[in-house]
Amino acid sequence: MRVDFPYKELGCVEIPEKNLRGIFGCPDAEPPANLDALLDRAFTSPIGSPPLRDLAAGEGRALIVSDDISRPTPVHAIVPYVLRELQAAGLEETAIEFMMALGTHRFMTPEEIAAKLGTETASRYRVFNHDWKDNRACQFIGETSEGVEVWVNRKVTEADLVIGIGRIMPIDVCGFTGGGKILIPGLCGQITNSEMHWVRAKVPDEEVIGRRDNPIRRWIDSTARKAGLHFIVNVIMDGRQRVVGVVAGDLEEAHRKGCETARLVHEVRLPANSDIVIADGYPFDIEFWQVNKALDTAGLAVRPGGVVIIVSPCYEGLSSTHPEILEFGYRKVHEIIELVESGRICDKAVGIHMIQVSKVAVEKATVILVTAGIPQRDVERVGLLYASTPARALDMAFARVGKHASVTVLRNSAEMLARFT
């Protein structure tokens, strides 16, 4: 059977029928929901919160926080509803600002900001990129119960009202995206970002994956509330990137409700322990730092000693902001922990990324990366195998695990919540 990928430049692959266990992807909503109706309902009946216009009444300054270019959230369609509520509360345009929640990602360009927020919004309002490396851009607001310093962008602390716009989908590090994650790690300083991610290294996968309430999410929720996140608008999207649900309101109650919908949309039943798993990174293909989401799922489906093939252009390489990946490469998990605890890897977010990749690529299976955005020498330097096409990668995989190997294909693997039959 011929399998195509969302990237014509990388080619397709022919999989013998006798080897193929199935092609799996997140389900599409039929018929697709009406986005305006969903937004109207969410703003009219927010969850766990008064309407946004009531929250905004009498307030002086509002900050609208949007997820960045690495997420396909249709923020440009949501923003008019947020602005309508703020204007109904009496806020002037000059009292409203936007901040792009980059976490540790690169700055967005003016063109990317216009595409994300809408051209008119980007031209009429002040929009800022969060600079996680600039200590002067962040303010210390106290410590968590674990003694972690909380540093958050000063624009958050200076605003009277903070609204977060994002998307809910499964993610390895904290169960689901969305909610308070728009601030933590979206707008926090390097210390807070680093410690938030490192908490994950000490928590078993089964306590996090597919669970809304877990130790990392509790850390995020309490810290985001402390930082001053007052209202969220989160969407849930299907396998074709269409909005199928919207929740608005309190950062915990609304998010919990949204996760119930997201679980239904993203849960996929897969065969366990395939010899070879082929997964694309769509729509998280900017760099391997993001494509790792696809590897997380594929790694659950492959048998020990098997092969995972990741197909993604990785347009901007391994990571434009984390050169440590190329410096240290992927290695055994205990070695990564030692590198972090000894201080050789200072950013613990890099450490947890390396652990997530290494659990699959070093300690469970062989990983072959099909990409045009990372030179072969760099792919091999970090400890992965390189292939120029999916067809070449499959030949390499069969050579390793045998011509009778079982093959599972995952479409939109990065968005899946895997359940096994």
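General observations
- ALA405 sits among other residues whose Cβ lies under 11 Å from its own Cβ, and their net charge, with Lys and Arg +1 and Asp and Glu -1, is +4.
- Where the chain is the region considered: accessible area per residue in Å², 1.4 Å probe: 39 Å²
- Kirkwood Rh in Å, taken over segment 15-144 so that all alpha-carbon pairs contribute: 17.7 Å
- Scaling the Cα radius of gyration of segment 156-262 by the globular reference 2.2 N^0.38 Å produces a ratio of 1.02.
- Where N is the number of residues in segment 80-163, Cα Rg divided by 2.2 N^0.38 Å: 1.24
- Restricting the calculation to Cα atoms, segment 93-248 shows an Rg/Rh of 0.96 when the hydrodynamic-style radius is the Kirkwood one.
- For the chain, alpha-carbon Rg and Dmax in angstrom: 21.3, 69
- Computed from backbone phi, the HN-Hα couplings of segment 203-211 come to 10, x, 3, 5, 8, 10, 5, x, 10 Hz, rounded to whole numbers (Karplus: 6.51 cos²θ - 1.76 cosθ + 1.60, θ = phi - 60°; Gly and Pro given as x).
- Taking a straight Cα-Cα cut-off under 15 Å and skipping sequence neighbours fewer than 8 places away in the same chain, the aspartates and glutamates within cross-link reach of LYS18 are ASP275.
- Per-bin percent of Cα-Cα distances, segment 360-417 [5 Å]: 4, 16, 22, 27, 21, 9, 1
- Dipole magnitude (debye, nearest 20) for segment 325-421, charges at Cβ of Lys, Arg, Asp, Glu: 360 debye
- Listed pairs LYS116/LYS155; LYS332/LYS364; LYS202/LYS348; LYS133/LYS293; LYS155/LYS226 exceeding 22 Å between Cα atoms: LYS133/LYS293
- Shape box of segment 218-261 [Cα atoms, principal axes, largest first, Å]: 35, 17, 15
- Cα-only Debye scattering, segment 255-343: base-10 log of I(q)/I(0) at q = 0.25 Å⁻¹: -1.17
- DSSP beta bridge pairing in the chain, given as percent antiparallel to the nearest 5: 25 percent
- Heavy-atom accessible surface of segment 185-297: percent carbon and sulfur, 1.4 Å: 46 percent
- Every Cα-Cα pair in segment 332-371 was counted, and those over 14 Å apart are 47% of them.
The values are calculated or read from the model by the stated rules, or taken from the named source; none is laboratory data. Computed from a predicted model, the values in this text were never measured in an experiment. For neighbour counting, all protein chains shown are included, and Cβ atoms are generated from backbone atoms with ideal geometry for every residue, glycine included. To get the accessible areas, we keep the full protein, side chains included, count just its heavy atoms, and leave off ligands, DNA and RNA. Shrake-Rupley method; radii C 1.70, N 1.55, O 1.52, S 1.80 Å.
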